[in-house]
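The values are calculated or read from the model by the stated rules, or taken from the named source; none is laboratory data. Remember, predicted model here, so these are calculated numbers, not experimental data. As a convention, Cβ positions derive from the backbone with ideal geometry for all residues, glycine included, and neighbour counts pool all protein chains shown.
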Amino acid sequence: MGKIKNLIKKVYFFLVQYVYLFPGGKRRKKKPCLEPFIVPDGAVELNVRIAPVYKNKCGIVTIISDDGVYKTAKALKALANKFSLPITVAGTVKNVAPHMKFWKELNDDPYIELVNHSYNHIRMEEGTHISSDMTALKHEIYHSQVFFEKITKRKTIAYVCPENQMCRLGYQVLKESGYLGVAQGSRGYNDLEILSDTANNPGSWFNLKRMGICDKSEQSPNVMRQSWVDKARENNKWLIEMWHNVSDDITKGYQTITTAEASEHLAYLKSCENDLWIAKFTEVIKYLAERQSCVAKAYWLDGHVICYVDPKNLELDIFTQDLSLLVDLSNVNNKCPEKMIEVKPGQIQRVKL
Ligand SMILES: [Zn+2]
């Protein structure tokens, strides 16, 4: 018995020393490495601001296709790659789980992202049976998040409410589960400055507005959809389009549009790419959250611009989206009065002019 006790002691101390305490040990928490940002003597401090939209474009468009239907996902992958435009798929565990191999492969596609649209796609607004059942709400919001994180191998920060609504307790679970952006079904365009209010307030982080692909209009469907894009550009807004199925058999699925209709709209979006940032749901959430929290700094020294984005309280392993900084060089360089430089939160960037 004594020998076994000694062996257990040795194994225990080995684990404590080499796995827990030492770098590379599994239980050692990864800490972001922040470089210090000090303006040296002789440098000229510069005015700098973060562009409201990535690459300083006029507005933003995000396509979210709801439900994660396998056949539609295949059609979306083909379309997104044909037009080199990103599409976000909001999937339910119920639809995604039977095709795990496909979704894991799709995770490597640069144009498709997968976000959470609940476990079973049940109504969760106030007054429904589930709205007072914390266990069931956790299943629909948190357990489904764990499922999607296994496929995407990254933190799931975006949620799309099934049936477009959410109850009060559901908001609480969303918040506790670490979601940062939630789309619902309120119609309209989002401001580039998102309201921090997490109550049921359209346009806030937990109730981002969308336009429905089959919404009724006096115009023809594609003219209506193109007019949304024009409004986002003209009024500096974030348009989130809510798509459902894409299939050449429009008798099947919910709010199905044909591949030809989808192509026509994507071609229009592509023609607006110089003015609009067409981006995945998660990328936009990160950009706008970073822009609203971070502080940019810059100085000029020996023909170089050195800039830095102070992340304040943001978690650097989540907030990895490049920010577009607009650096005012009018005091130091006549030839180029303003320069756009891309920097991630917590990083320093040096650019020679
Ligand atoms: Zn849905």
For segment 240-259, pairs from a residue that is within 20 Å of Ala90 (Cβ to Cβ) to a residue that is more than 11 Å from the ligand (Cβ to nearest atom) and of a type in the set (Lys, Arg), with Cβ under 6 Å and 6 or more apart or across chains, are Ile240/Arg210; Met242/Arg210
Conditions (1) at pLDDT 95 or above; (2) of a type outside the set (S, T, N, Q); (3) away from the ligand (no atom under 16 Å from the Cβ) -> Tyr159 fails only (3)
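From the list Ser330, Ser324, exactly one residue is of a type outside the set (Asp, Glu) and without any contact (Cβ under 8 Å) to a residue 24 or more places away in the chain. Which is it?
Result of the check over Ser330, Ser324: Ser330.
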Inside segment 41-92, the number of residues satisfying the requirement of being in a strand (DSSP E or B), within 16 Å of the ligand (Cβ to nearest atom), over 20 Å from Asp191 (Cβ atoms) and not polar (S, T, N, Q) is 6
The condition of being crowded, with 19+ Cβ neighbours inside 10 Å, of a type in the set (A, V, I, L, M) and more than 23 Å from Ile157 (Cα to Cα) holds, among Ala289, Ala298, Ala279, only for Ala298
Scanning segment 236-251 for residues that are more than 16 Å from the ligand (Cβ to nearest atom) and not hydroxyl-bearing (Ser, Thr, Tyr) gives Asn236, Lys237, Trp238, Leu239, Asp248, Asp249, Ile250
All conditions in (1) away from the ligand (no atom under 16 Å from the Cβ); (2) β-branched (Val, Ile, Thr); (3) touching a Leu at 6+ places or on another chain (Cβ under 9 Å) are true of Val284 except (3)
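In segment 151-171, what count of residues is obtained for those that are of a type in the set (Lys, Arg) and over 17 Å from the mean Cα position of the chain (by Cα)? Don't jump to the end; show me each part of the working.
If we filter segment 151-171 for residues that are of a type in the set (Lys, Arg), which is where we start, we get 153-155, 168.
This time we only want the ones that are over 17 Å from the mean Cα position of the chain (by Cα), so: 168.
Residues that pass the stated criteria total 1.
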Taking the stated definitions as given, is Arg233 under 21 Å from the mean Cα position of the chain (by Cα), assigned to a helix (DSSP H, G or I) and more than 16 Å from the ligand (Cβ to nearest atom)?
-> yes
How many residues of segment 167-193 are of a type in the set (A, V, I, L, M) and within 13 Å of the ligand (Cβ to nearest atom)? The answer is 1
TODO: Scan segment 98-119 and give yes if some residue there is in contact with a Ser or Thr (Cβ under 8 Å, 6 or more places away or on another chain), of a type in the set (D, E, K, R), modelled with pLDDT under 95 and more than 16 Å from the ligand (Cβ to nearest atom), otherwise no.
DONE: no
Checked against (1) away from the ligand (no atom under 16 Å from the Cβ); (2) under 15 Å from Ser118 (Cα atoms); (3) surrounded by fewer than 16 Cβ atoms within 10 Å (Cβ to Cβ), Tyr142 satisfies every condition except (3)
Of the candidates Arg123, Arg168, Arg154, the one satisfying the condition of being closer than 19 Å to Ser65 by Cα and not β-branched (Val, Ile, Thr) is Arg123
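Counting only residues that are more than 23 Å from Ser196 (Cβ to Cβ), outside the structural domain of Ile64 (by TED's automatic domain parsing) and among the charged types (D, E, K, R), give me the strands (runs of 3 or more DSSP E) lying completely in segment 251-353 with at least 3 of them.
338-343
Quick one: which residue in Glu163, Glu193 is among the acidic types (Asp, Glu), in contact (Cβ under 8 Å) with a residue 24 or more places away in the chain and closer than 29 Å to Trp103 by Cα? If you could, list the steps in order and put the result at the bottom.
Numbers: Glu193 fails: closer than 29 Å to Trp103 by Cα.
It is Glu163.
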Glu125 passes all but one of the listed conditions (1) assigned to a helix (DSSP H, G or I); (2) within 16 Å of the ligand (Cβ to nearest atom); (3) of a type in the set (D, E, K, R); the exception is number (1)
With the first residue restricted to segment 88-102 and required to be in contact (Cβ under 8 Å) with a residue 60 or more places away in the chain and over 14 Å from Asn120 (Cβ atoms), and the second required to be away from the ligand (no atom under 13 Å from the Cβ) and among the charged types (D, E, K, R), Cβ contacts under 6 Å at 6 or more apart or on different chains are Thr88/Glu113; Thr88/Lys280
